[in-house]
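Single-structure report; data block below.
Every read-out reported here was derived from the displayed coordinates using simple, explicitly stated rules and does not represent laboratory data. These numbers were taken from a predicted model, which means no experiment stands behind them. Counting neighbours? That spans all protein chains shown, and the Cβs are built from the backbone with ideal geometry, glycine included.
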Amino acid sequence: MILFTGACVSPAPDFFGAERHDLTLDGIDFVVYHKGSEVEVVRMNYLPRAQRAHVPALMRQVAERATGCRVVPNSMRTRLPGDTGVARFDLDCV
């Protein structure tokens, strides 16, 4: 028997109730959670290490597209240094 399930993702607990956006950029799927002046971006596709270098810039772009806000420079935070799976950014929504 073959079972197919859709990709499921949920936000970190402090992003429960956040507005969710699904975007694709450069063939990579992202889920963006926007709450207040912060955003959490989750990369959905598997990428080999050699293809991950440009992902932080894409994460910034999808955060801005989804929210209509500007990402605060140098505000990207990840749980692990160099992680391109999940990142948070501060937003300037003036």
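Please find the FRET efficiency linking A53 to V9, where r is the Cβ-Cβ separation and R0 is fixed at 30 Å, and quote it to the nearest 0.05.
0.85
Normalized C-alpha radius of gyration of the chain, against 2.2 N^0.38 Å?
This ratio for the chain stands at 1.08.
What net charge do the residues around A12 carry, taking every other residue with its C-beta under 11 Å from that of A12, with Lys and Arg at +1 and Asp and Glu at -1?
0
Please give the peptides 58-68, 20-30, 84-94, 43-53 ranked by average Cβ packing (other Cβ atoms within 10 Å per residue), highest first, as a rough proxy for protection.
The most tightly packed comes first, giving 58-68, 84-94, 20-30, 43-53.
If you take the beta carbon distance between K35 and Q61 as r and set R0 to 22 Å, what does 1/(1 + (r/R0)^6) give as a FRET efficiency, to the nearest 0.05?
0.70
So what's the angle, to the nearest 10 degrees on a 0 to 90 scale, between helix 55-67 and the longest Cα principal axis of the chain?
Long axis of 55-67 versus the principal axis of the chain: about 70 degrees.
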